[in-house]
Amino acid sequence: MGSIYVQFGELVKALAAIEATTQRTTMVKLLVSLFKKASPEEVGKIVYFILGDLRPPWEGVELGVAEKLCLRAVSKATGAAVSELEALYKKTGDVGEAARRALAASKRPGLLAFGSQKPLEVSEVYDTLLKVARATGEGAQDMKVALLSSLFARATPEEGKYIARFVVGKLRLGIADMTIIEALSDAYGVNKEALEKAYHVYPDLGRLAKHVAEGKPLDEIRITPGVPVLPMLAQRLSSASEILAKLGGSAICEYKYDGERAQIHLTPGGVKIFSRRLEDITHAYPDVVKAVKEAVSAKEAILEGEIVAVDPDTGDMLPFQELMHRKRKHDVATAVELYPTVLYLFDVLYVDGEDLTEEPLIYRRVRLSEIVCETDKVSIAKWRIFDNAEAVDVFFHESVSMGTEGLICKSPSSIYEMGARGWNWIKYKRDYRSEMIDTVDLVVVGAFHGRGKRAGLYGAFLLAAYDPSTDMFYTVCKVGSGFTDADLKKMYEILQPFKIPHRHPRVVSKMEADVWFVPQVVIEVIGAEITLSPLHTCCLGAVRPGVGLAVRFPRFTGRYRSDKSPEQATTVAEMLELYKRQKKVVQPE
Ligand code: AMP
């Protein structure tokens, strides 16, 4: 273990050497010798500093210091005019270099004010920077400047350079988490794999560094509600048979929802939601927090799922871009109203003291259904077990036609592999995106009751294409988008005369509508594309057995085609033609 206090100058020397080397091994050696000089407390702080952070990502601690503010602090410490410093910054393009030159040129009134020339210590610098980050509210800017200038006043020019770069977020040493892990392993003689594993469970390197420096055993580091683990990731294959072969013949296939991945921690203190990159995103989803509290019966739990935007009036899934509305901090309350979400849970890693990460997926799925009571806002991701590629394909098309990206196929016996992109989870996505270029005119054959703003009216409509050879109507989509309030009233009114108590005999549908109509009203619709779908009957079996065609993400264009009789609507043959003619574009990864 190192001396009592490591001077900040030592850290800076190591940083300069690290920047100068071209050898990764030298980089690791420099880190090792630095760690060896420091106390456990200091090692933790050094690690945070080197990574350019003050705390782990999910704590969201930010310095809130831009270049201008930093230069104000340098000015206060050196007596140099801000304009002069700005010019220096402009010339060098590096705040650190501007600070270094200004400090080298100054007589430093600050040094006198402090009454000593005591060199800065690592802990002092770190603790002061943490105070800078925590200064918020009224007067925060002045407070930040004062704290920073107290550091610059005592810093050597070289130290000032690194402090300045750190505070504006431009330290950029290019030291990866794995390099730190390697150095910690060398410095304290701990097994690298064990250290990596601990890091996956508790990805806070500053804390991990302190822990090993204290000589504590790594098996004390366990999955902890409130601390996000590194998420398990998926590989990719493009055919169901390859996927089944890779997974040993059978797979748990789940809808691959198109939303934002959420690691949800339920603790006695409340619910926290973490992103795939371990950031705390709880503030964006107050509705999910509330819904999880209602749906999950556990005191403590770690769950994984996908938050998906849904159409407020129909409950249909929307593409993930719709979640962007949640990202504007001040608008969250309105966004919750206008852009509701549903949480689809697909895994559980921990329940009331029970670590489930080493348990097989099939068991975790059972535990998940035991603790979750599904509601409007919280569902369990749709899943089935298959051992036959054709059945996987039908499920895949069903999933896509519901607005997802495809399937994630998982090995039923696999453990939860934190931080790994292994072959136990395989995504099965569509490998092209096709675009629907033309509108279609479809016949309203059924409707679904509206909710929320649409209560009392219809929220969505079941539409069909016509087949002259059988004189029947075959469904192609359920549409709820594109209607204004006036449209919905009008649709309700014009459909009343055609309402019947059961499906019309000329309509072929697998879907059960709330209300059925005589096929009469024709409306114009456009969608993102025409896809294969087992839910609709248009061209059933024409492309693939058991699967029909559907309009994906359909939207009413605003045009009522009262000029068209239902027999003049788009035909099933035209739908098939449109499907075949779609522009196929390679979808980027
Ligand atoms: P990708 O982002 O294409 O690598 O696909 C993996 C992502 O799919 C995950 O990170 C999740 O956000 C998302 N996802 C959606 N549904 C599931 C599911 N059922 N299981 C696992 N991941 C899912």
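In table form, for the structure just shown:
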| read-out | value |
| --- | --- |
| Qualifying residue in the range 512-531 (condition: loosely packed, with under 14 Cβ neighbours inside 10 Å and at pLDDT 95 or above) | yes |
| Cβ pairs under 6 Å, 6+ apart, first in the range 512-524 and more than 24 Å from Phe553 (Cβ to Cβ) and touching a residue at least 60 places away in the same chain (Cβ under 8 Å), second open to solvent by less than 10 Å² (accessible area, probe 1.4 Å) and in a strand (DSSP E or B) | Trp516/Gly446 |
| Leading residue by the ranking (nearest to Val95 (Cα to Cα)) among those in the range 152-180 that are open to solvent by less than 30 Å² (accessible area, probe 1.4 Å) and not in a helix (DSSP H, G or I) | Val168 |
| Residue list for the range 195-218, filter: open to solvent by 30 Å² or more (accessible area, probe 1.4 Å) and under 17 Å from Ile415 (Cβ atoms) | Glu196, Lys197, His200 |
| Near pairs, Cβ below 6 angstrom, 6+ apart or cross-chain, from the range 228-254 (closer than 21 Å to Leu349 by Cβ and without any contact (Cβ under 8 Å) to a residue 24 or more places away in the chain) to any residue that is of a type in the set (Phe, Trp, Tyr) and within 14 Å of the ligand (Cβ to nearest atom) | none |
| Single residue of Glu435, Glu405 found to be closer than 29 Å to Glu260 by Cβ and within 16 Å of the ligand (Cβ to nearest atom) | Glu405 |
| Val82 being open to solvent by 30 Å² or more (accessible area, probe 1.4 Å) and of a type in the set (A, V, I, L, M) | yes |
| Residues that are among the polar types (S, T, N, Q) and either more than 30 Å from Val392 (Cβ to Cβ) or open to solvent by 40 Å² or more (accessible area, probe 1.4 Å) (or both), drawn from the range 491-511 | Gln496 |
| The listed residue being away from the ligand (no atom under 16 Å from the Cβ), part of a loop (DSSP other than H, G, I, E, B) and either modelled with pLDDT under 95 or under 15 Å from Pro225 (Cβ atoms) (or both), out of Lys299, Lys272 | Lys299 |
| Residue match in the range 417-430 (condition: more than 16 Å from the ligand (Cβ to nearest atom), in a strand (DSSP E or B) and within 30 Å of Lys580 (Cβ to Cβ)) | no |
| Strands (runs of 3 or more DSSP E) wholly inside the range 334-407 containing at least 3 residues that are buried (at least 22 other Cβ atoms within 10 Å of the Cβ) | 341-351 |
| Every pair of residues 6+ apart whose Cβ atoms lie under 9 Å, when the first sits in the range 69-97 and is under 15 Å from Arg154 (Cα atoms) while the second is among the charged types (D, E, K, R) and open to solvent by 10 Å² or more (accessible area, probe 1.4 Å) | Ala73/Lys144; Ser75/Glu84; Ala77/Arg108; Ala77/Arg154; Thr78/Lys107; Thr78/Arg108; Gly79/Lys107; Gly79/Arg108 |
| Breaking point among (1) farther than 28 Å from Val227 by Cβ; (2) open to solvent by 30 Å² or more (accessible area, probe 1.4 Å), for Val12 | (2) |
| Yes/no for Phe498 being farther than 16 Å from Arg454 by Cα, modelled with pLDDT of 95 or more and more than 40 Å from the chain's Cα centre (by Cα) | no |
| Verdict on Phe448 being over 27 Å from Val288 (Cβ atoms) and either within 23 Å of the chain's Cα centre (by Cα) or assigned to a strand (DSSP E or B) (or both) | no |
| All positions within the range 305-333 that are among the basic types (Lys, Arg) and surrounded by fewer than 17 Cβ atoms within 10 Å (Cβ to Cβ) | Lys327, Arg328, Lys329 |
| Pair list, Cβ < 6 Å and 6+ apart or interchain, from the range 14-33 residues that are closer than 20 Å to Ala209 by Cβ to residues that are charged (D, E, K, R) | Val28/Glu182; Val32/Asp186 |
| Out of Tyr458, Tyr466, Tyr416, Tyr428, sole residue that is buried (at least 21 other Cβ atoms within 10 Å of the Cβ), in contact (Cβ under 8 Å) with a residue 40 or more places away in the chain and under 21 Å from Thr314 (Cα atoms) | Tyr458 |
| Count - residues of the range 244-301 that are surrounded by 20 or more Cβ atoms within 10 Å (Cβ to Cβ), over 19 Å from the mean Cα position of the chain (by Cα) and charged (D, E, K, R) | 0 |
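The values are calculated or read from the model by the stated rules, or taken from the named source; none is laboratory data. Remember, predicted model here, so these are calculated numbers, not experimental data. With ideal geometry, Cβ positions are generated from the backbone for all residues, glycine too; neighbour counts draw on all protein chains shown. Surface areas here come from the heavy atoms of the whole protein model, side chains and all, with no ligands, DNA or RNA. Shrake-Rupley method; radii C 1.70, N 1.55, O 1.52, S 1.80 Å.
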